[in-house]
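Below is one structure, written out as structure tokens; comments come after it.
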Amino acid sequence: MILKRQINSFFHSNTYFLFSEEELTAWIIDPGDVKNILQTIAGYRLEGVLLTHTHFDHIYGLNELMEV
């Protein structure tokens, strides 16, 4: 497993990713900027999203992300 952190541009909050290089899968923890997230997980199959809490800075892109 690989853990990666990304700082969101709008609110400067953190989004984390867990990648499995063997299975080419990804989990997103506390998503924010969907455009950047989609670039980060390109080439991986999204397995799920984990929300540690529901503050706006982590859920504002969730609806768009669910359409992918």
Only helical DSSP H runs with n ≥ 4 go in: add -39500 (n - 2.57) per run for the chain, normalise by residue count and round the 222 nm mean residue ellipticity to 500 deg cm²/dmol. -5000 deg cm²/dmol
Zone of Glu23's modelled label, taken as backbone nitrogen in the range 31-68 under 11 Å from a point 7 Å along Cα→Cβ: 45-48
Ignoring ligands, DNA and RNA, what percent of the 1.4 Å accessible area of the chain is carbon and sulfur? 56 percent
Can you work out the accessible area per residue across the chain, with the rest of the protein chains kept in place, probe 1.4 Å, in square angstrom? 66 Å²
Between the residues Leu50, Asn63, Gln6, the Cα farthest towards the positive end of the dipole of the chain, that dipole coming from +1 and -1 charges on the beta-carbon of Lys, Arg, Asp and Glu, is from Gln6
Show me the three semi-axes of the equivalent ellipsoid for the chain, from the C-alpha gyration tensor (sqrt of 5 times each eigenvalue), largest first, rounded to whole Å. 19, 12, 11
Under unit Cβ charges (Lys, Arg +1; Asp, Glu -1), what dipole magnitude, rounded to 20 debye, does the chain have relative to its Cα centre? 160 debye
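The values are calculated or read from the model by the stated rules, or taken from the named source; none is laboratory data. Please read all numbers here as calculations on a predicted model, not as lab measurements. Every residue, glycine as well, gets a Cβ built from its backbone with ideal geometry; the counts of neighbours run over all protein chains shown. Each accessible area value is taken on the protein alone, full model and side chains, heavy atoms only, with ligands, DNA and RNA left out. Shrake-Rupley method; radii C 1.70, N 1.55, O 1.52, S 1.80 Å.
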